[in-house]
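Beneath this line is the structure, given in structure tokens, with notes to follow.
We did not get these values from a lab; they are worked out from the coordinates using the rules stated. If you're wondering where the values come from, they're calculated on a predicted model, not measured in any experiment.
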Amino acid sequence: MTGDKFHPNIGSPVVEHTTSLEQALAMAEANEKQAKRLLDDAKKKFAAGDIPQSRLDELQRLYDTAVEDHIRTNRES
């Protein structure tokens, strides 16, 4: 196991981990960023006439949900 870190007293690999709340927060943040990218892209495509209003509305709701989830996850951590 090249590159593994070993615990000085027992010689087993040191496991770096995050808590479930940290993982949830990271996922919520990533989801919000992705939803924002999708929404921004959709706004450009809508302005160019490439997508219908219904698709733009769908991505707006997705972004709103991602923001709400990120806020909720922040409160819980």
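For the reader, a short list of remarks on this structure follows.
- Across all directions, the shadow cast by the convex hull of the range 24-76 built on its C-alpha atoms averages 3.1 square nanometres.
- Residues with amide H under 5 Å from that of I51, placed H, sequence gap 5 or more: F46
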